[in-house]
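Engineer: Starting off with a structure, shown below.
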Amino acid sequence: MMRVCNLDTCPMGIATQNPELRKRFRGKPEYIVNFMHFIAQELREYMAKLGVRTVDELVGRTDLLRTKSDSQKKNIDFTNILTANSKSDKQHFVPEDVYDFELDNTVDRRVIIKGIGKALKAGTPKTISVDVVNTDRSVGTLTGAEITRIHGENVLADDTFTVKCNGSGGQSFGAFIPKGLTLELCGDSNDYFGKGLSGGKIVLYPPKESAFKADENIIAGNVALYGATSGKAFINGIAGERFCVRNSGAVAVCEGVGDHGCEYMTGGRAVILGNTGKNFAAGMSGGIAYVLDEKHDLYTRLNKALVSLESVKDADDVSELKSIITEHAEATGSEKANMILADFENYLPFFKKIIPHDYAKIQRTVTELEKSGVSHEQAEIEAFERIRKES
């Protein structure tokens, strides 16, 4: 009701990262449990009125439905919905007919998890190779789940398990993979590449024999790194639209993006070694994007509502940018990245730093407080509080 979700000033402590405001949140898990008990109780009351004991008995019982006599509904014919299907007498839940998602036939269960073998439980380094096609969805996700189930979160070192994939990655390639798992894809990938990345690493590059220039061709689909929270992604090529939407902590590199790049980004780092589409950084409230603006026209495609565009001059920013590009070059063999690194001093003036206004204020305040001897944690709290009061 306050409608300040985008301002980081939520008085209820919900839509905010401010630790002082978050203390005000009064919700407890028990409240949800209690609410669901009420739902269950009301459901049983309705079921009792209908004369059924279980939810399974309700499945397919269209005879228990009736249409309202409301005049607005008179022109809508519900016959095909409310009449039993004459082609089948199965109108109730049948356990044997539950849809089989064939998870045991996925690349993860069939190849990757078995390929890693004993190393998975021991947590010892291992590298395997697999072939993938674009109908193999969410490659790596089930493997990541096994890693987390066995070892917990953020326990394994980076690159403990490396899976080298060849072919075309299906939708949600590398979704939610945790720290310790690295997916290296030689080929291209569909939409939602690296969705919800949770500490893992994903590397994407075209085959060496490819005749096209990587930095001039789309190699990853739309909405790559959607909702990523941590980890790294290196794409030797152009990504589609909505790159890094809602990224809150991952480091991601690509060599060009479509429209709406870094939309609603709240944290992390995005490095774009090429052109962007329109509406870049719309709703971006955190994190930093470094964009190579060789034609000096990025400002025409930037959504300036919440962010500022500035040169990369701060020593820490320069060091961070160079380090990320170096890691990208080492991971993918990117010609564009190597060309930039070979002449970094001359390329540096072409880079633009995109940073949200309030995020920049917080960074400056934290730095000032740390110089005066305040701990980093306390500095963040005080910085958030100052910004809240100013807002």
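Engineer: Mind listing whichever residues of the range 300-309 are under 26 Å from the mean Cα position of the chain (by Cα) and either within 11 Å of Phe351 (Cα to Cα) or not hydrophobic (A, V, I, L, M, F, W, C) (or both)?
Structural biologist: The answer is Arg301, Asn303, Lys304, Ser308, Leu309.
Engineer: Mind counting the residues in the range 356-390 that are among the small types (Gly, Ala, Ser) and under 29 Å from the mean Cα position of the chain (by Cα)?
Structural biologist: Count: 3.
Engineer: Does Lys336 satisfy being assigned to a helix (DSSP H, G or I), among the charged types (D, E, K, R) and under 25 Å from Glu263 (Cβ atoms)? Steps first, answer last, please.
Structural biologist: Working: assigned to a helix (DSSP H, G or I): yes; among the charged types (D, E, K, R): yes; under 25 Å from Glu263 (Cβ atoms): yes.
Considered against the rule, which asks whether it is assigned to a helix (DSSP H, G or I), among the charged types (D, E, K, R) and under 25 Å from Glu263 (Cβ atoms), Lys336 comes out as yes.
Engineer: Right, something else. Could you please give the count of residues in the range 203-227 that are within 20 Å of Arg242 (Cβ to Cβ) and among the polar types (S, T, N, Q)?
Structural biologist: Counting residues in the range 203-227 that are within 20 Å of Arg242 (Cβ to Cβ) and among the polar types (S, T, N, Q) gives 2.
Engineer: Tell me the residue from Ser198, Ser172 that is touching a Lys or Arg at 6+ places or on another chain (Cβ under 8 Å), of a type in the set (S, T, N, Q) and in contact (Cβ under 8 Å) with a residue 40 or more places away in the chain, please. Before the answer, list the steps.
Structural biologist: Numbers: Ser172 fails: in contact (Cβ under 8 Å) with a residue 40 or more places away in the chain.
Of Ser198, Ser172, the one residue that is touching a Lys or Arg at 6+ places or on another chain (Cβ under 8 Å), of a type in the set (S, T, N, Q) and in contact (Cβ under 8 Å) with a residue 40 or more places away in the chain is Ser198.
Engineer: May I ask you to list the residues in the range 286-302 that are surrounded by 18 or more Cβ atoms within 10 Å (Cβ to Cβ) and either under 15 Å from His260 (Cβ atoms) or among the aromatic types (Phe, Trp, Tyr) (or both)?
Structural biologist: Within the range 286-302, Ala289, Tyr290, Val291, Leu298, Leu302 qualify.
Engineer: Using the structure shown, decide if Val253 is within 24 Å of Ser172 (Cα to Cα), of a type in the set (A, V, I, L, M, F, W, C) and surrounded by 24 or more Cβ atoms within 10 Å (Cβ to Cβ).
Structural biologist: Judged against the criteria, Val253 is a match.
Engineer: Assess whether Arg269 counts as being surrounded by fewer than 20 Cβ atoms within 10 Å (Cβ to Cβ) and either in contact (Cβ under 8 Å) with a residue 24 or more places away in the chain or in contact with a Lys or Arg (Cβ under 8 Å, 6 or more places away or on another chain) (or both).
Structural biologist: No.
Engineer: Against the conditions (1) assigned to a helix (DSSP H, G or I); (2) within 18 Å of Gly286 (Cα to Cα); (3) modelled with pLDDT of 95 or more; (4) not hydrophobic (A, V, I, L, M, F, W, C), where does Lys353 fall short? Just the number, please.
Structural biologist: (1)
Engineer: Looking at Asp259, Asp191 in this structure, which one is closer than 24 Å to Asp293 by Cα and surrounded by fewer than 23 Cβ atoms within 10 Å (Cβ to Cβ)?
Structural biologist: Asp259
Engineer: Okay, next question. Kindly indicate whether Gly256 is out of contact with any Cys (no Cβ under 8 Å at 6 or more places or on another chain), in contact (Cβ under 8 Å) with a residue 40 or more places away in the chain and not in a helix (DSSP H, G or I).
Structural biologist: Yes.
The values are calculated or read from the model by the stated rules, or taken from the named source; none is laboratory data. Every value quoted in this text rests on a predicted model; they were computed, and no experiment measured them. Glycine gets a Cβ as well: all are built from the backbone with ideal geometry, and neighbour counts include every protein chain shown.
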